[in-house]
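Below you'll find the structure, written out as structure tokens, and then a few comments.
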Amino acid sequence: MNTMPPTECKAWSQLATHAESWKSVHLRELFAHDVARSVQFVAQAPGVRLDYSRQRLGAMTLRLLCHLASERGLPEWREALLSGKKVNSTEDRAAWHSALRAGPEAPAEVKEALSRMKDLAGRLRQTRKYRTIVNLGTGGSDLGPRLVADALGDGTLEVRFAANVDPRDLERALEGADPAGTLFVVVSKTFTTQETMANAEAAKRWGGRKFMAVTSNVEAARKFGADEILPMWDWVGGRFSVWSAVGFAAMCAIGVQGFDELLSGAKDIDEHFREAPLEKNVPVLMALAGVWNANFLGAATHAVLPYSNALRLFPSYLQQLEMESNGKRVDREGRLVDYATAPVLWGMEGTVSQHSFHQLLHQGTQIVPVDFIDISSNELLTANARAQADALAFGTDDPALPAHKQYPGNRPSSILLLEGLSPRNLGRLIALYEHKVFVQGVLWNLNSFDQWGVELGKEMARKLLSGR
Ligand code: F6P
């Protein structure tokens, strides 16, 4: 497999030269001279259309970016990922989250765990013996189920989350709950994470009686006294684990059928990712546009703006997915990289964001590429998302306007258009970004599946606590 630095690829230097010629090109002129642009730079995945016509790129850019992907060996890496090879080299593990949504082709242990989850969640939703379900976890053991429950929860059960070691978080999650009617789901792959363990102990002190655990550390969960233990495997990374039993609270919130649909949506994207040619492959195109912006046009951050209140937590979910995966400074060979890796990802639900930071997006000194997510649920939202994308791209063209009223435009964005926010489409959306992250890791020659950068702070906090 190719582990050569991307900067030594032929396509990389061609892209660097090519980028020079883009400095004087404005999106306004591109659209004026090329009416086909808005159909040419569009790609379709199941349930999701990517319109990247407002990116500052052309057919040649795309060709070179696809060459770069081929030179970096993307097809081989993709096959390795999807077939469960050990792509996480520093931990000698696979990153086989696609197996969690493979349906009948999933490994037996996955099918068995899923059927136990369904049985438990189904009964909980039917009997409502425990009206409040509290998920105790952090990072990947919190953000995924929290996102899904917040986006699609149907209110059958009250599903709450506590992630912070600050006791106030658990206090809030327990407001109005009673110990007899509350089920705690302690989710921790390692079952050693300080925040989660502290919250689990605090839940016991509060009077919690019923505890489930989702973990790969069965011994620790037993010692803790969990009544029921669902598995987690070392070949699933925390931030890629919402499809596993880590998603149990989400299943309680959206129902067994909804969770099945979520998995099917992700599977649709796995198939698209595996089969679609690079130039029509939506997660690949998202990754390529990101690399073009970060490495050749100099964008240091990336904003994701879902025009959907249901998706308000999506930016914070993506922060872990993208920045914990590709926020790296050494490559797969341990060499220091001399090119930009993951940009800082940030965002907020639109239209609320418009009244907060869009000033900077339109007239600030930094260029911030944006992903607009439109779930076509409401014409006001769609019109606003589209208007923002157009204003960023085209700006104003009237020299008579005073300087403070001018919009320079030429600011890149993409629109991801979903046909509604069903569980299936949410599964598709999440899986698109998962594969985007993987593709960028391949292009940057990074291992996207470890996170050694979080260890030092944990160690230092432990030392401070033990007084050393
Ligand atoms: O500290 C970072 C991290 O390891 C994340 O990668 C992970 O999602 C989170 O902590 C929680 O870990 P665990 O599931 O082991 O509690």
Checklist entry - Taking into account only those residues within the stretch 231-272 that are in a loop (DSSP other than H, G, I, E, B) and more than 16 Å from the chain's Cα centre (by Cα), which is farthest from the ligand (Cβ to nearest atom)? => result GLY255
Checklist entry - Is it true that some residue in the stretch 168-184 is charged (D, E, K, R), assigned to a loop (DSSP other than H, G, I, E, B) and surrounded by fewer than 21 Cβ atoms within 10 Å (Cβ to Cβ)? => result yes
Item to check | Counted residues, the stretch 300-329 - those being surrounded by 20 or more Cβ atoms within 10 Å (Cβ to Cβ) and either hydrophobic (A, V, I, L, M, F, W, C) or in a strand (DSSP E or B) (or both) | outcome: 11
Checklist entry - Exactly one of (1) touching a Gly at 6+ places or on another chain (Cβ under 9 Å); (2) crowded, with 18+ Cβ neighbours inside 10 Å is unmet by LEU285. Its number? => result (1)
Checklist entry - Which residue, of GLU349, GLU379, is surrounded by fewer than 16 Cβ atoms within 10 Å (Cβ to Cβ) and either within 24 Å of SER422 (Cβ to Cβ) or not basic (Lys, Arg) (or both)? => result GLU379
Checklist entry - How many residues does the stretch 147-189 hold that are touching a residue at least 24 places away in the same chain (Cβ under 8 Å), away from the ligand (no atom under 16 Å from the Cβ) and more than 15 Å from ILE133 (Cα to Cα)? => result 3
Item to check | Of all residues in the stretch 199-208 being small (Gly, Ala, Ser) and assigned to a helix (DSSP H, G or I), the one that is surrounded by the fewest Cβ atoms within 10 Å (Cβ to Cβ) | outcome: ALA202
Checklist outcome for this item: Expected single match for part of a loop (DSSP other than H, G, I, E, B) and either closer than 11 Å to LEU136 by Cβ or within 14 Å of the ligand (Cβ to nearest atom) (or both) among THR196, THR192 is THR192
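State all residues of the stretch 432-468 that are of a type in the set (A, V, I, L, M, F, W, C), touching a Leu at 6+ places or on another chain (Cβ under 9 Å) and within 15 Å of the ligand (Cβ to nearest atom); if no residue qualifies, say none. Give the steps one after another, and end with the answer.
Kept after step one, since they are of a type in the set (A, V, I, L, M, F, W, C), are these residues of the stretch 432-468: 432, 437-439, 442-444, 446, 449, 452, 454, 456, 460-461, 464-465.
Within this subset, residues satisfying the condition of being touching a Leu at 6+ places or on another chain (Cβ under 9 Å) are 432, 437-439, 442-443.
Passing the criteria: only VAL437.
All of the numbers you see were taken from the coordinates with simple rules; none came from a lab. Bear in mind that the values here come from a model prediction, so they are computed numbers and not experimental data. No Cβ is skipped: glycine too gets one built from the backbone with ideal geometry, and neighbour counts run over all protein chains shown.
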